Amino acid sequence: MADRLNGYRILILETREEAQFSRMLADQGADVIQCPMFVIHDAPDAAPIEAWIKRFVAQPFDDLVLMTGEGLRRIMTVVRRIGLEAEFVAALGKARKFARGPKPVRALRELGLEAQEITETPTSEGIAEMLGKHNLKGRRLALQLYPDRDHAKLIAAIKSLGAEIDSVLPYVYDPQAAEGSIVTAIDEMASGRVDAIALTSSGQVRRLMDTAKAHNCEDRLRAGLERTPIASVGPVVSDELGNYGLRASIYPDNDAFFMRPLISAMAKELGKSKPRAAAS
């Protein structure tokens, strides 16, 4: 598979695992254009996170729902700063762990831990459906949130199952800091200087469209997407594209909705023709 993307310019919008995705593409010879949708910062007030960690250590939760790998890694940064790493990891080991897709699974494995269950679809709705198969009445559930959407429906769904929820939000987004790069990426696509755009979350689609609208370049974005192959990591992203009248032309085989199968699909599809962006 090495060098199968040699000479192709691939635009990625990944924010939380940008470095990993970029490295995986570069290993196949791709020229990666990085355009994170947000700049991520630690939560401005660390006190609620520290208190949540201490509650977790003092009385380990019955269940833990991890929405993002970034969230667990940010929590661990605080854990290490306050000197509770061994105690917190031990408490994590006692909890039944639910993961929203593969990214939290990888973050857990960095700590030598495994998720007991992983959502079939990496969405809040997928989390609610997975938890709905369990009796949560009277169980203490730790919920790691992320700042990309309103989680009121998810929290209500979990509460309806009888769980006592203790949530934590370990990081925030700074959307304005990334807007200039997004507009530049739109211009690159519209000018034919991108061989493919790789989308790994539905939020990337919404953010791309919202930014284009805010900067009065929605027509230019749509023109760019018409001439640029769109690679979608899975059905959630593809459905979001459909909401805007867009369609992915590159898609992983065999329902393997991860970065590596997506890269394989791009190599297979783009390899049918020579790189065109390099000549632009």
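Here are the numbers for the structure shown:
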quantity	calculated
Packing-based exposure ordering (other Cβ within 10 Å, fewest first) of Arg55, Arg23	Arg23, Arg55
Estimated 222 nm signal from helices in the chain, with DSSP H stretches of n ≥ 4 weighted -39500 (n - 2.57), rounded to 500	-13500 deg cm²/dmol
Spin-label zone in segment 209-231 - amide nitrogen under 17 Å from a point set 7 Å from the Cα of Asn243 along the C-beta vector	209-214
Two-decimal ratio, segment 162-207, of alpha-carbon radius of gyration to 2.2 N^0.38 Å	1.77
Reach of Lys153 by Cα under 18 Å, taken over aspartates and glutamates that are not fewer than 8 positions away in the same chain	Glu125, Glu129, Glu164, Asp166
5 Å-binned pair-distance histogram of segment 1-151 (Cα, whole percent)	2, 8, 16, 19, 18, 15, 10, 6, 4, 2, 0, 0
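Readers should treat all values here as calculations from the given coordinates under stated rules, not as data from a laboratory. Computed from a prediction, not measured in an experiment: that's the story for all the values here. All Cβ positions, even for glycine, are placed from backbone atoms using ideal geometry, and neighbour counts span all protein chains on display.
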